[in-house]
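Please read the structure below before turning to the comments.
Every number in this text was worked out from the coordinates using simple rules, so none of it is lab data. As the structure is a computational prediction, the values presented were derived from the model and not from experiment. No Cβ is skipped: glycine too gets one built from the backbone with ideal geometry, and neighbour counts run over all protein chains shown.
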C-alpha cells in the first residue's frame with residue numbers, strides 16, 4: 001500500500017548557504033545541491049517526512065509543512081475562524 005503524504009518540503013533557496021548538512025542527514029536522499037550550490041529537491045517521493053533536514057539546517061532554509069486536509073466528497077472546508 002502506498003504511503004499517504006502528510007507533509008511537503010518548503011525550501012527557501014535564498015537562505016541556503018550550501019553547507020550540505022541537510023543532504024548528508026537525509027536518509028531518503030531526497031535533497032541535493034544544484035549548480036549554484038543551493039538546496040534542491042532530487043526526488044520528493046522518497047521523503048519519509050522524518051524532519052532531519054529541517055532540524056539540521058543551520059540557515060532555516062528547509063521546512064516540512066502540513067498538507068491541507070482533503071475535504072470529503074461534497075464537503076467544503078472553511079478557513080479557521082470562518083466556521084458558523
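Key figures for this structure:
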item	result
Label point distance in nm, residue 67-residue 33, each placed 7 Å from Cα along Cα→Cβ	3.1
Neighbour-count order for 60, 25, fewest beta carbons within 10 angstrom listed first	60, 25
Shape of segment 1-71, Cα gyration tensor, a/c cut at 1.5	prolate
